[in-house]
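Beneath this line is the structure, given in C-alpha cells, with notes to follow.
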Amino acid sequence: GENVEQHPSTLSVQEGDSAVIKCTYSDSASNYFPWYKQELGKGPQLIIDIRSNVGEKKDQRIAVTLNKTAKHFSLHITETQPEDSAVYFCAANPYSGAGSYQLTFGKGTKLSVIP
Amino acid sequence: DTAVSQTPKYLVTQMGNDKSIKCEQNLGHDTMYWYKQDSKKFLKIMFSYNNKELIINETVPNRFSPKSPDKAHLNLHINSLELGDSAVYFCASSQESGLGGSYNEQFFGPGTRLTVL
C-alpha cells in the first residue's frame, strides 16, 4: 500500500516569511496529491491539490510542486500570516476515475507563524 | 448550512459500553468515509462507503461497524469500547464519479472526540 512521509513535524516562521513542507510517497500509481489544513478543534479542509499531469499549481500565496520521478511533492506558503498557523497534512491517492478511493495521509506539520 | 455534520461532538463513556456516532452530508456525494485521528494527530482511514457498499475496510477491529441507511448518512457503531478507542473520529464525503476539477476533494465533518474511561 501507499506510504506518505511528511517533514518537518513542526515549523515556526516569522510573519511574512515563507514556509515549505515536504512529502514523499511510495506508490508510483498515485496520481492525486491534496493538501489539507486543520485548525484547532476543526476538521481538515482542502487548501490545494495537484494531479500527476501537472508539475506546479499556484493559488494566491499557496503553491504546490510535484516531482513524479522522485516521488515527492511540496507545499509552499509565501508571506505567511498568523491565520496560517494550523496543522497541515499532505496525502496521496493512487486511483483515478470512478471506483474506490483511498487517501493516505502524512503525519502532519504543525505550522506556527510568529507575529 | 453545514456540509458534513456529526453528532455528538463529544462523547465520554465507560469501557465496555456500546456507542454510536452519526454522520450526515448534504452535498449529494456518493462516497462517505470514517477516519480516526489519534493523540498525535495521525489521520487514518477506517471505512468508506460508495453507494451503500463498503469499499474500504482497513485493519479495524470488528467491534467497529459502519451503517449507511441511505447515501447521505454513514453512522459508526462501536461495541465493547476500549481505552485505546479514545480519539477524534472524523466523517468525510466526496464525489467519486466525476471528471475534471477536484472531484476527489474530501469534505470533513467537525469531528467527534471520544473519551473512554
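Coordinate-derived values only; no laboratory data. Just so it is clear, the structure is predicted and the values come from calculations on it, not from any experiment. All Cβ positions, glycine included, derive from the backbone under ideal geometry; neighbour counts span all protein chains shown.
Counting pairs on different chains as well as pairs 8 or more places apart, how many Lys pairs in chain A have Cα atoms under 20 Å apart?
18
Work out the mean other chain Cβ neighbour count within 10 Å for the residues of A:52-65 and drop it here as an integer. Provide the component values of the computation, followed by the final result.
Numbers: counts 0, 0, 0, 0, 0, 0, 0, 0, 0, 0, 0, 0, 0, 0.
Neighbouring Cβ atoms belonging to other protein chains average 0 per residue here.
Using the Cβ atoms and a cut-off under 14 Å, what net charge is assigned to the surroundings of A:ASP27, where Lys and Arg are +1 and Asp and Glu are -1?
0
Could you tell me which residue out of A:THR78, A:CYS90, A:SER52 lies farthest along the dipole of segment A:6-115 toward its positive end? Charges go on the beta carbon: Lys and Arg +1, Asp and Glu -1, centred on the Cα centre.
In segment A:6-115, that residue is A:SER52.
Going by how many other Cβ atoms sit within 10 Å of their own, how do A:CYS90, B:CYS23 line up, fewest first? Intermediate values should be presented prior to the final figure.
On the way: A:CYS90 29, B:CYS23 25.
Fewest-to-most ranking of A:CYS90, B:CYS23: B:CYS23, A:CYS90.
Using a Gaussian network model of chain A with C-alpha springs under 10 Å, which one of A:GLU83, A:GLU39, A:GLU56 is most mobile by mean-square fluctuation?
A:GLU83
How well do other chains shield peptide B:104-111, expressed as the mean number of their Cβ atoms within 10 Å of each residue Cβ? Intermediate values should be presented prior to the final figure.
Details: counts 12, 6, 10, 4, 7, 2, 3, 5.
The per-residue average across the peptide is 6.
Ratio to report: Rg/Rh of chain A, with Cα atoms as the point set and Rh obtained by the Kirkwood method; give two decimals. Don't jump to the answer; show the numbers that get you there.
Numbers: Rg = 13.8 Å, Rh = 14.2 Å.
For chain A, the value is 0.97.
Taking N as the number of residues in chain B, what value does Rg over Cα atoms divided by 2.2 N^0.38 Å take?
1.03
Top mean-square fluctuation among B:SER86, B:SER65, B:SER39, Gaussian network model of chain B, C-alpha springs under 10 Å?
Evaluated over chain B, the most mobile residue of the options is B:SER39.
Just checking the output field for A:42-50: average partner chain Cβ neighbours within 10 Å of each residue's Cβ?
Mean shielding by partner chains, rounded to a whole number: 5.
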